[in-house]
Amino acid sequence: MASFRSLHPEILVAIAKNLHANDLLGGFSLSCKAVFAALRSDPALPRTFRLAADATKSLRAFDSHSGTTHADSDAQLAHWQDPPRGERPWPGAAFVGHWDRPEPWRALTLAQRRRLLLLAATSGHPASLEVAIRRCGVAAADSIPISSGEKECHYCGALAAGDLRCAEILWSAGFQLRRRHDPFSTAAPAAVMGSLEACQWLLARPGEDPDSVQRLVLQLAECAAFAGREGQLDWLLEQQGLALSQLPHLACCAALGGHVGSMRRLRARAGGAWRVGADMRLLAALVGGVAPLPVVEEAAAQLLGEVGVAAAVAAGTVLQRARLVLAAALSYSHDWAVKLGWQALAASTANEVENLDGHESGELWDVFMNSCDLGLPADFGQRMLRLLDIPGFDLLQSLAAAVAVDHADVPAVRLLAARSSAARADVIRYMSEKLSLGTLQLPACELLHALGLDLDWQHVEAARLEGNVEEAAWMAKALVARGRLPDVAQDQTLFLAYNLLQRGDDVATLLGCLGVRDAHTDDRYLAFMRSLNAEYGLASLAAGGSVVALEDYVGRMAAVGVALEPLEPDIMHDTAAANQAAQDWLRERGLLAHEDV
């Protein structure tokens, strides 16, 4: 399936507006920054939707020691305050009526069947989930996806929906949490969307890592503080033995969530554990976070008393003020960035930044890169233009170009490339390096032609070798559209074909990607089909494809005179065990050599 990232932002916004709330809860990727901005501000969307990327960045920017470093903060939309089912109720009877039959599932790839299973898990409708588990053809032991952004997604959805019946159904069916699962991905929905019971349910199933319980307790407390769930927070503090040294961190989480009262209460509770300088550190985290400006000002008044924000900032060192400039420049809170970042701070640091020593400059650039690693604001390009115009900060130009390309932020890449010939050269140099290494991401690939960068089949192979199959497929289609067809008998072409089959593409889709006419009498078609390792192609398709695609593949091979042998265990992909529907189909037709594959 084509990624959301390859679609135009306006199309993505239209899609997002019509997604069911449970789809948004599921953690599917909407990676375009322009869409993030539109979703945040569009009044047509349910008012209670907020970007999980905002919360994730905020909670992690303040303190890195909590261990919450593995979530894909750009891959989720989540509902953080009120249950969505009243606004867009789950069509339980219709779902059961349509999907409680084998026929609709046969044409779905493994990814599509996982998606339906995930939607059912987030539905709060146990009957829908039971139908999905029974019919989906996804093996329970391997059903939790291992790609970033989807880890533990079934439990994430079930806990976010606040219905422990669905969580129990998943557990009973064998969809257990992975041994080394990311606790944050389940802690956030349990604490923010769920209830105290959801937190207790999750803590009773911590996994096999002996340290996972305390990590999970801390992450539940972070999320409860962010959401203002004081009952859950009190229980975690009193019953689960959180150290007093964590209270400043939890106070920051509460302030970032807009709960200044909770912040004040946690600050008072900390007593002597409130470290020296913690107030200014908390203020810096708020500047770089997502809390609305009124909340930041109220928190600053509580923290600084009569000193005031401007005076406190002015009293700081050049490095401290420069760090706040960067924090404001990269903040998700637009109003705070405008008021503080570009007016109160920039004038006082503009010339002084140039005089920082090497160590201090390096620390400043580290702040920039670390913040960018946690996620970019939607108008990153515009902010960078303003930041780079401040004397002393123009040295960040090459880093800004690298970050924009790394994050495939097309608007930012365009703006930076248009800033100056030097900036354009930085963008082209970095994109060229990424292209050669096979690590250039969509939709940045779409700028290759505009920037005068040539594309060839070696770039397709480089992307494929890096595991970027989606980008490799896009490049292949672009080359075919320009009339540059591949040699269908070459190993590179065949390996790309196996990768596309493995992700679930059927043969017709594969042929279109390679520019091969889908006709049994076409010479290139015959050459391609006969060049494939028939068994390896079948094993690839069994990893992610649909039953209908398998039937089509076997039929095509028979039509070109290729007889298929039963697949031996050593040819099967590691991920194929998850595709239970494909395994069953192969076994029924004698195409699977051993029952224990």
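Computed from the coordinates by the stated procedures, all read-outs in this text should not be read as laboratory data. Quick caveat: nothing in here was measured; it's all calculated off a predicted structure. FYI the Cβ positions are ideal-geometry reconstructions off the backbone, even for glycines, and counts take in every protein chain you see.
List the trypsin sites (Lys or Arg not before Pro) within segment 394-487 that DSSP assigns to loop and that have no more than 14 neighbouring Cβ atoms inside 10 Å.
The qualifying sites are Arg482, Arg484.
Once you put a point 7 Å from the Cα of Glu238 and another 7 Å from the Cα of Ala107, both along the Cβ direction, what distance in nm separates them?
Placing both labels 7 Å along Cα→Cβ, they lie 5.7 nm apart.
Show me 452-458, 487-493 ranked by packing, highest mean number of other Cβ atoms within 10 Å first.
Result, highest mean Cβ count within 10 Å first: 487-493, 452-458.
What residues have an amide H closer than 5 Å to that of Leu567, excluding those fewer than 5 places away on the same chain, when H is modeled at 1.01 Å from N in the peptide plane?
The list, which skips near neighbours in sequence, is Leu592, Ala593.
As an exercise, identify the GluC sites (Glu not before Pro) in segment 462-543 lying in DSSP coil whose Cβ has no more than 16 other Cβ atoms within 10 Å.
Counting only loop positions with at most 16 other Cβ atoms within 10 Å, the GluC sites (Glu not before Pro) in segment 462-543 are Glu466.
Taking the highest mean first, how do the peptides 114-125, 402-413 order by number of other beta carbon atoms within 10 angstrom per residue?
Values: 114-125: 25.4, 402-413: 23.2.
Descending packing order for the listed peptides: 114-125, 402-413.
Using alpha carbons only, what's the Rg to Rh ratio of segment 382-426 with Rh from Kirkwood? Let's see the in-between values first.
Values: Rg = 9.3 Å, Rh = 10.2 Å.
Computed over Cα atoms, the ratio is 0.92.
Under a 5 Å amide H to amide H cut-off, with H placed in plane at 1.01 Å, what residues pair with Asn579 once short-range neighbours are removed?
Ala139
Grab the Cα-Cα distance for Arg424 and Gln490, subtract it from 0.36 nm times how many residues apart they are, and report the gain in nm with one decimal.
Taking 0.36 nm per residue and subtracting the Cα distance, the gain is 20.2 nm.
No solvent, one uniform scatterer per C-alpha: report log10 I(q)/I(0) for segment 218-280 via the Debye equation at q = 0.12 1/Å, two decimals.
-0.23
What number, in percent, do you get for the relative contact order of segment 434-481 if the mean sequence gap of Cα pairs under 8 Å and at least 6 apart is divided by its residue count?
43
Assuming a ≥ b ≥ c are the square roots of the Cα gyration tensor eigenvalues, decide whether segment 497-597 counts as rounded (a/c under 1.5), prolate (otherwise, with a/b larger than b/c) or oblate.
Values: a/c = 2.11, a/b = 1.63, b/c = 1.29.
Because a/c hits 1.5 or more and a/b exceeds b/c, segment 497-597 counts as prolate.
With θ taken as phi - 60° and the coefficients 6.51, -1.76 and 1.60, list the Karplus ³J(HN,Hα) couplings across segment 480-496 in order, rounded to whole Hz; mark glycine and proline as x.
Couplings: 4, 4, 8, x, 9, 7, x, 7, 5, 9, 6, 4, 4, 5, 5, 5, 4 Hz.
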